[in-house]
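Readers should treat all values here as calculations from the given coordinates under stated rules, not as data from a laboratory. Remember, it's a predicted structure, so these values are computed and weren't measured experimentally. Every residue, glycine among them, receives a Cβ derived from its backbone with ideal geometry; neighbour counts consider all protein chains shown.
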Amino acid sequence: MTINLIFYTTDGCHLCDEAKEFLQQLLAQRPERYQIELVDIAESEELVEQYGTSIPVVRKENFQQDLGWPFDYTDLLSFVEGV
């Protein structure tokens, strides 16, 4: 079963760069398990309003759950696997 994730980010966000590295680790370990969509919040006023002060944010698409910063790789893995 593929886990669909949405990664809310924007250009110039150093915390987003750190979170992106964690997501890349997930993909490197099990590329068939995860699908990640990158969404730049700057492209939508609604997204800026919703996530502007909390990015980076990872959302499990089918479960409508968010993981907001701060988090580390272990937190991310627990979140996406529902542990």
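Over all directions, average the projected area of the Cα convex hull of the chain and note it in nm².
Mean projected area for the chain: 5.2 nm², to one decimal.
Considering only DSSP beta bridges where both residues belong to the chain, give the percentage that are antiparallel (nearest 5).
In the chain, DSSP labels about 55 percent of beta bridges as antiparallel.
Filter the chymotrypsin sites (Phe, Trp or Tyr not before Pro) in the chain down to the DSSP loop ones having no more than 15 other Cβ atoms within 10 Å, then list what survives.
Taking the chain and a limit of 15 other Cβ atoms within 10 Å, the loop chymotrypsin sites (Phe, Trp or Tyr not before Pro) found are Phe63.
How high is the FRET efficiency from Leu15 to Glu45, r the C-beta distance, R0 30 Å, rounded to 0.05?
Once the sixth-power term is evaluated, E becomes 0.90.
Which values, in whole Å and largest first, are the semi-axes of the equivalent ellipsoid of region 40-83 obtained as the square root of 5 times each eigenvalue of the Cα gyration tensor?
Working: eigenvalues 93, 28, 9 Å².
Here the semi-axes work out to 22, 12, 7 Å.
Using the Karplus curve 6.51 cos²θ - 1.76 cosθ + 1.60 with θ = phi - 60°, what ³J(HN,Hα) values do you get for each residue of region 13-30, in whole Hz, with x for Gly and Pro?
Values per residue, Gly and Pro as x: 9, 5, 5, 4, 4, 5, 5, 4, 4, 5, 5, 5, 4, 4, 5, 5, 6, 8 Hz.
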